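Below is one structure; the comments refer to it alone.
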Amino acid sequence: MSKSKKNVIEPTEILKEYGADTIRLFMLSDTPVDRNLDWSEGGIEGCWRYLNRLWKIAYEISQLSASHVEPNIDLVKTAHQTIQFVTDAYNKAHFNTAIAQCRILTNDIAQALSSQNTSHLKDVFSLLLRLLSPLVPHITSEIYASLWDGVDISTLPWPEADP
């Protein structure tokens, strides 16, 4: 984006329509931080849909009953692999790859919800929110507080991977 090329995006309008977290997610997920950002309406809309998907998953998790099911060991294992990957990516400022890995975990959570294998689901979702919180602090804070009786996500320690 540049004024001389007359392709500047007015941030106020985009903030009103999509919110700050959507813009942050788009800017950090699009390209590595050392390259120029290529603005796209489709990209910002995709990030907005992803954040809305987190809200939907949170709602579905809040509606779960405490029924006994077999432990979802695969989901827990994937969650801990994601913690390790995202932690390493953050340390290298590779936010785009960290976000991509979080999206994969989100897909796994959604699949577990649809398969009714909901054991450990709330715990894994908690880990996902904590991994995303540095990038999209507003929505993760709201979701976390709604699912965990007002707990402030920013006061929680960074999750540690269990190999």
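The values are calculated or read from the model by the stated rules, or taken from the named source; none is laboratory data. As the structure is a computational prediction, the values presented were derived from the model and not from experiment. All Cβ positions, glycine included, derive from the backbone under ideal geometry; neighbour counts span all protein chains shown. Heads up: the accessible areas ignore ligands, DNA and RNA and are worked out on the full protein's heavy atoms, side chains in. Shrake-Rupley method; radii C 1.70, N 1.55, O 1.52, S 1.80 Å.
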Exercise for review: Could you tell me whether the stretch 82-104 includes any residue that is among the hydrophobic types (A, V, I, L, M, F, W, C), out of contact with any Leu (no Cβ under 9 Å at 6 or more places or on another chain), in contact (Cβ under 8 Å) with a residue 40 or more places away in the chain and surrounded by fewer than 20 Cβ atoms within 10 Å (Cβ to Cβ)?
Suggested key: yes
Exercise for review: Within the stretch 105-122, track down each residue that is within 24 Å of Arg49 (Cα to Cα) and touching a residue at least 40 places away in the same chain (Cβ under 8 Å).
Suggested key: Thr106, Ile109, Ala110, Ala112, Leu113, Gln116, Thr118, Leu121, Lys122
Practice item. Hey, can you tell me all the residues within the stretch 130-150 that are open to solvent by 60 Å² or more (accessible area, probe 1.4 Å) and assigned to a loop (DSSP other than H, G, I, E, B)? Key: Pro134, Asp149
Review point. Say we look at the stretch 105-118 and pick out the residues that are among the hydroxyl-bearing types (Ser, Thr, Tyr) and buried (at least 18 other Cβ atoms within 10 Å of the Cβ); which of these is nearest to Ser62 (Cα to Cα)?
Key: Thr118
Exercise for review: Please indicate, with yes or no, whether at least one residue in the stretch 58-66 is open to solvent by less than 40 Å² (accessible area, probe 1.4 Å) and either farther than 19 Å from Thr22 by Cα or touching a residue at least 60 places away in the same chain (Cβ under 8 Å) (or both).
Suggested key: yes
Revision key, fill the gap. Restricting the stretch 1-26 to residues that are assigned to a helix (DSSP H, G or I) and modelled with pLDDT under 85, the one nearest to Glu142 (Cα to Cα) turns out to be Leu15
Practice item. Determine, yes or no, whether Trp55 is surrounded by 15 or more Cβ atoms within 10 Å (Cβ to Cβ) and either within 14 Å of the chain's Cα centre (by Cα) or of a type in the set (Val, Ile, Thr) (or both). Key: no
Practice item. Return a yes/no flag: does the stretch 105-115 have any residue that is of a type in the set (Asp, Glu), outside any helix (DSSP H, G or I) and at negative phi. Key: no
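Name the residues in the stretch 108-132 that are small (Gly, Ala, Ser) and within 24 Å of Thr22 (Cβ to Cβ), would you?
Matches in the stretch 108-132: Ala110, Ser126.
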